[in-house]
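**Student:** If you scroll down you'll find the structure; I have some questions about it.
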Amino acid sequence: MLYSRNLLVAAILFACAVNGVLAGDNKNPKFKKVTAEEVWGKLNPGWNLGNTLDAVPDEGSWNNPKVAEYTFDDIKAAKFKSVRIPVTWTGHFDTEAPDYIVNKAWLDRVEQVVDYALKRDFWTVLNVHHDSWQWADYSKTLNDPVAAAAATTKFVKLWEQISTRFQNKSELLIFEPLNEPAGDSTQEVAEKYNVLNQLFVDVVRGSGGFNKDRLLTLPGLNTNIKNTVEWWKEPKGVGNYILHIHDYDPWSFVSGWWGKTMWGSESDQKEIEDTFKSLKSRFAGAPSLVGEWGVTEKVERGAGWNYFDFMVRKGREYKLAMQLWDNGADHFDRAARKWRDPTRLQIIQAAAAGINNTLPKYGQEPVVYFKTGEEVPSSVSGGRTININYNGNTITGLYVLSGTSKRWLNSGRDYSLVQEGVKFKDSYLKYELTQKPSQLGVLQTVYVVPSKGASWDITIQRYSKPTLKIPQPANVTVPHFTINSTTPYLFPINWGGTTLATVKAIYPDTGLPIKDEWTQYLGPLEAGRLNWSGDFEANTDGVLLTSSLLEVLKASGRVAELTLEFWPREVGNNITTLVEFKA
């Protein structure tokens with residue numbers, strides 16, 4: 001009887017395995033055919049495991065360690081519903097043409113990470129990432145049919161192997177053929193990627209397992225909305241798919257380039273919403289997956305919060321599943337297991353759920369600044385107001401931290417709620433200033449708790465005009481520096497409790513920008529400004545000019561005027577220097 005019972009159990013288990021119903025077994029799961037219309041809301045919000053498996057040449061080569069399984073627990077706890085796992089395959093082929101065999105250990109590792117996500121019920125996007133500019137850039141093969149054919153063969157062989165390896169994963173796994181297909185915005189280049197999408201569909205749909213019904217996400221040229229609207233074509237026999245786009249509009253703001261540190265005006269919002277409308281019109285309201293979006297921390301905090309709110313809120317309105325790009329340096333600190341700006345996370349959570357966020361108005365920094373020596377009047381008739389958009393909510397209270405305990409401010413004595421926003425009483429501000437009479441920087445952080453949506457904070461800061469640490473003769477009003485190497489050059493700074501906003505660089509004899517001359521036509525806070533990361537960086541020691549910027553100065557052979565601009569961005573709160581390159 002025991003023998004017969006064991007045979008019966010074995011038969012049942014075998015039948016279950018064949019039909020893919022063993023709980024927790026990602027190799028033999030249940031599979032439910034789904035449509036984009038059914039799924040887009042289940043993908044929202046989403047998160048990218050950026051700069052990790054997509055790092056070149058290998059996982060861990062960039063700014064992140066190898067993936068730890070607990071990271072997916074952290075992302076789940078943050079209420080994300082989907083993850084995108086970018087993978088670069090370039091350095092992981094054991095053979096070249098004609099077979100392009102992928103290294104088994106690499107495939108195993110990719111599958112292991114994918115299973116980490118599937119095990120936690122994440123909708124999971126798997127792709128071919130930086131290969132797009134390394135060997136699959138069809139804009140470079142327009143006049144080279146041999147090179148184009150080689151790239152196509154490699155692409156097909158790669159996806160044959162990926163499709164086969166992952167063919168029995170559940171419907172939670174979504175395939176993306178190629179990240180940001182590269183090339184100039186022309187129809188000729190766009191058509192090349194339409195052909196590539198068709199090849200991808202043919203390979204995946206014919207690869208067996210559940211892939212004939214698997215949801216795919218398909219990009220257009222550059223994953224740019226405008227290019228997609230204009231030139232994207234639906235592949236034949238595609239079956240279930242969701243359109244794939246990325247949105248880093250406006251690039252000047254999200255990247256911290258050209259001095260655009262503020263965002264949120266009516267025209268700013270209209271510019272982005274118009275692209276969403278064009279997408280909806282072109283594709284009859286079908287949902288799309290925004291596989292990447294985000295903004296650097298280099299921008300003004302309130303502007304960043306409003307951008308996050310707008311993108312997720314409008315994405316929900318236009319059926320766009322929003323997957324935040326996170327390179328491991330901007331948003332979630334994987335080693336510390338915490339969010340660098342918790343308010344941004346809360347904004348995503350609320351907006352994705354359809355909850356209104358109460359946030360600072362456009363142009364309003366969530367900061368009360370006091371310049372060194374500036375006294376607060378003792379009268380309570382004045383005060384400082386932080387202008388906010390209530391968005392149908394109320395403010396339930398304000399508090400500061402005393403150790404780990406909350407100390408709630410007194411409404412009426414410390415602050416009042418007015419139509420414009422939160423108004424701090426002069427008496428309260430004077431109290432905070434006198435608690436730390438000589439300290440520069442943040443003196444106090446006041447947390448704002450709305451009735452619904454994200455909480456955020458207002459800082460009370462004292463600052464003095466930043467100065468160079470390099471001594472200058474008393475009769476020198478604008479210091480002149482000669483640089484003789486393209487090795488990154490540091491201006492050591494006494495920060496004075498401030499941080500860097502941007503850098504302006506012009507030729508003093510003409511007033512024109514030293515690069516990107518077209519920026520002369522931008523507004524007064526943007527004209528002639530340089531680019532974070534590309535041209536300059538900042539650290540605790542000072543402001544660093546990059547090698548690429550020094551190459552520009554070297555090539556020009558001219559004296560440039562550099563103005564280091566700090567927060568708050570006001571007249572006089574800057575350092576101006578003259579710089580020239582002499583080898």
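**Student:** Counting only residues that are out of contact with any strand residue (DSSP E or B) (no Cβ under 9 Å at 6 or more places or on another chain) and at negative phi, how many does region 385-409 have? Can you show your working first?
**Tutor:** Narrowing region 385-409 to residues out of contact with any strand residue (DSSP E or B) (no Cβ under 9 Å at 6 or more places or on another chain): 392, 402-405.
Checking which are at negative phi leaves us with 402, 404-405.
So the count comes out to 3.
**Student:** Something else now. Read through the list (1) touching a Phe, Trp or Tyr at 6+ places or on another chain (Cβ under 6 Å); (2) more than 17 Å from Asn573 (Cα to Cα), then give the number of the only condition that Gly534 fails.
**Tutor:** Against the list (1) touching a Phe, Trp or Tyr at 6+ places or on another chain (Cβ under 6 Å); (2) more than 17 Å from Asn573 (Cα to Cα), Gly534 comes up short only on (1).
**Student:** Related question: Name every residue in region 167-189 that is farther than 19 Å from Val290 by Cα and open to solvent by less than 10 Å² (accessible area, probe 1.4 Å), in order of residue number.
**Tutor:** Lys169, Val189
**Student:** Ok, one more. For region 471-491, which residues satisfy the criterion of being among the aliphatic types (A, V, I, L, M) and open to solvent by less than 50 Å² (accessible area, probe 1.4 Å)? Break it down into steps so the answer makes sense when it comes.
**Tutor:** Taking region 471-491 as the starting set, the residues that turn out to be among the aliphatic types (A, V, I, L, M) are 474, 476, 478, 483, 490.
Within region 471-491, Ile483 is the sole residue that qualifies.
So that you can scan it fast, the table gives a plain yes or no per residue for (1) of a type outside the set (Asp, Glu); (2) under 24 Å from Phe308 (Cβ atoms); (3) in contact with a His (Cβ under 8 Å, 6 or more places away or on another chain); (4) at pLDDT 50 or above:
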{"site": "Ala10", "(1), (2), (3), (4)": "yes, no, no, no"}
{"site": "Lys27", "(1), (2), (3), (4)": "yes, no, no, yes"}
{"site": "Lys30", "(1), (2), (3), (4)": "yes, no, no, yes"}
{"site": "Val34", "(1), (2), (3), (4)": "yes, no, no, yes"}
{"site": "Trp40", "(1), (2), (3), (4)": "yes, yes, no, yes"}
{"site": "Gly50", "(1), (2), (3), (4)": "yes, yes, no, yes"}
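**Student:** Let me ask something else. Condition test on Leu345, is it more than 24 Å from Glu526 (Cβ to Cβ) and touching a residue at least 40 places away in the same chain (Cβ under 8 Å)?
**Tutor:** Working: more than 24 Å from Glu526 (Cβ to Cβ): yes; touching a residue at least 40 places away in the same chain (Cβ under 8 Å): yes.
Taking the combined requirement at face value, the residue satisfies it.
**Student:** With respect to Asn44, is the statement that it is in contact with a His (Cβ under 6 Å, 6 or more places away or on another chain) and on the phi < 0 side of the Ramachandran plot true? Walk me through it before giving the result.
**Tutor:** Details: in contact with a His (Cβ under 6 Å, 6 or more places away or on another chain): no; on the phi < 0 side of the Ramachandran plot: yes.
Considered against the rule, which asks whether it is in contact with a His (Cβ under 6 Å, 6 or more places away or on another chain) and on the phi < 0 side of the Ramachandran plot, Asn44 comes out as no.
**Student:** Of the residues in region 307-325, how many are more than 19 Å from Trp263 (Cα to Cα), touching a Phe, Trp or Tyr at 6+ places or on another chain (Cβ under 9 Å) and part of a helix (DSSP H, G or I)?
**Tutor:** So the answer is 1.
**Student:** So is Arg413 more than 27 Å from Ser265 (Cα to Cα) and either in a loop (DSSP other than H, G, I, E, B) or of a type in the set (Gly, Ala, Ser) (or both) or not?
**Tutor:** On the way: more than 27 Å from Ser265 (Cα to Cα): yes; either in a loop (DSSP other than H, G, I, E, B) or of a type in the set (Gly, Ala, Ser) (or both): yes.
So Arg413 fits the description; yes.
**Student:** If you scan region 414-467, which residues turn out to be among the acidic types (Asp, Glu) and open to solvent by 60 Å² or more (accessible area, probe 1.4 Å)? If you could, list the steps in order and put the result at the bottom.
**Tutor:** Let us first name the residues in region 414-467 that are among the acidic types (Asp, Glu), namely 414, 420, 426, 432, 457.
Across region 414-467, the qualifying residue is only Glu420.
**Student:** Is there any pair with a first residue in region 516-527 that is under 23 Å from Gly363 (Cβ atoms) and a second that is aromatic (Phe, Trp, Tyr) and part of a loop (DSSP other than H, G, I, E, B) whose Cβ atoms are under 7 Å apart and which are 6 or more apart or on different chains, and what are they?
**Tutor:** Thr519/Trp258; Leu522/Trp258; Glu526/Trp258
**Student:** What are the residues in region 85-104 that are in contact with a Phe, Trp or Tyr (Cβ under 8 Å, 6 or more places away or on another chain) and closer than 11 Å to Asp54 by Cα, if any?
**Tutor:** Taking region 85-104 and keeping what is in contact with a Phe, Trp or Tyr (Cβ under 8 Å, 6 or more places away or on another chain), we get 89-90, 92-93, 100-103.
Those that are in contact with a Phe, Trp or Tyr (Cβ under 8 Å, 6 or more places away or on another chain) and closer than 11 Å to Asp54 by Cα: Trp89, Thr90.
**Student:** So which of Gly363, Gly328, Gly382 is on the phi > 0 side of the Ramachandran plot, in a loop (DSSP other than H, G, I, E, B) and open to solvent by 20 Å² or more (accessible area, probe 1.4 Å)? Explain how you work it out, then say what you get.
**Tutor:** Working: Gly328 fails: open to solvent by 20 Å² or more (accessible area, probe 1.4 Å); Gly382 fails: on the phi > 0 side of the Ramachandran plot.
Among Gly363, Gly328, Gly382, only Gly363 is on the phi > 0 side of the Ramachandran plot, in a loop (DSSP other than H, G, I, E, B) and open to solvent by 20 Å² or more (accessible area, probe 1.4 Å).
**Student:** When only residues in region 248-306 that are aliphatic (A, V, I, L, M) and in a helix (DSSP H, G or I) count, which is surrounded by the fewest Cβ atoms within 10 Å (Cβ to Cβ)? It would help to see each step written out before you state the result.
**Tutor:** Applying the first criterion (aliphatic (A, V, I, L, M)) to region 248-306 yields 254, 262, 272, 279, 284, 286, 289-290, 295, 299, 303.
Next, from what is left, pick out any that are in a helix (DSSP H, G or I): 254, 272, 279, 303.
Working: Val254: 22, Ile272: 18, Leu279: 23, Ala303: 23.
Filtering region 248-306 for residues that are aliphatic (A, V, I, L, M) and in a helix (DSSP H, G or I), the one surrounded by the fewest Cβ atoms within 10 Å (Cβ to Cβ) comes out as Ile272.
**Student:** Please find, within region 492-545, the residue that is most open to solvent (accessible area, probe 1.4 Å) out of those that are within 24 Å of Trp263 (Cβ to Cβ) and of a type in the set (Ser, Thr, Tyr).
**Tutor:** Once the filter is applied, the top-ranked residue is Tyr521.
**Student:** Which strands (runs of 3 or more DSSP E) does region 481-583 wholly contain that include 2 or more residues that are farther than 30 Å from Phe370 by Cα?
**Tutor:** Numbers: elements: 489-494, 500-506, 536-538, 542-545, 560-566, 574-581.
So the answer is 574-581.
Condition check ((1) in a helix (DSSP H, G or I); (2) open to solvent by less than 60 Å² (accessible area, probe 1.4 Å)) across all residues:
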| site | (1), (2) |
| --- | --- |
| Ala105 | yes, no |
| Val125 | no, yes |
| Ala150 | yes, yes |
| Phe155 | yes, yes |
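Per-residue answers, yes or no, for (1) out of contact with any helix residue (DSSP H, G or I) (no Cβ under 6 Å at 6 or more places or on another chain); (2) over 26 Å from Trp133 (Cβ atoms); (3) surrounded by fewer than 23 Cβ atoms within 10 Å (Cβ to Cβ):
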residue: Gly41; (1), (2), (3): yes, yes, yes
residue: Leu53; (1), (2), (3): yes, no, no
residue: Pro57; (1), (2), (3): no, no, yes
residue: Ala68; (1), (2), (3): yes, yes, yes
residue: Asp74; (1), (2), (3): yes, yes, yes
residue: Phe80; (1), (2), (3): yes, yes, no
residue: Gln112; (1), (2), (3): yes, yes, yes
residue: Asp115; (1), (2), (3): yes, yes, yes
residue: Leu118; (1), (2), (3): yes, yes, yes
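The values are calculated or read from the model by the stated rules, or taken from the named source; none is laboratory data. Predicted, not measured: the structure shown is a model, and the values here were computed from it. Glycine gets a Cβ as well: all are built from the backbone with ideal geometry, and neighbour counts include every protein chain shown. SASA here: full protein model, heavy atoms, side chains in, ligands and nucleic acids out. Shrake-Rupley method; radii C 1.70, N 1.55, O 1.52, S 1.80 Å.
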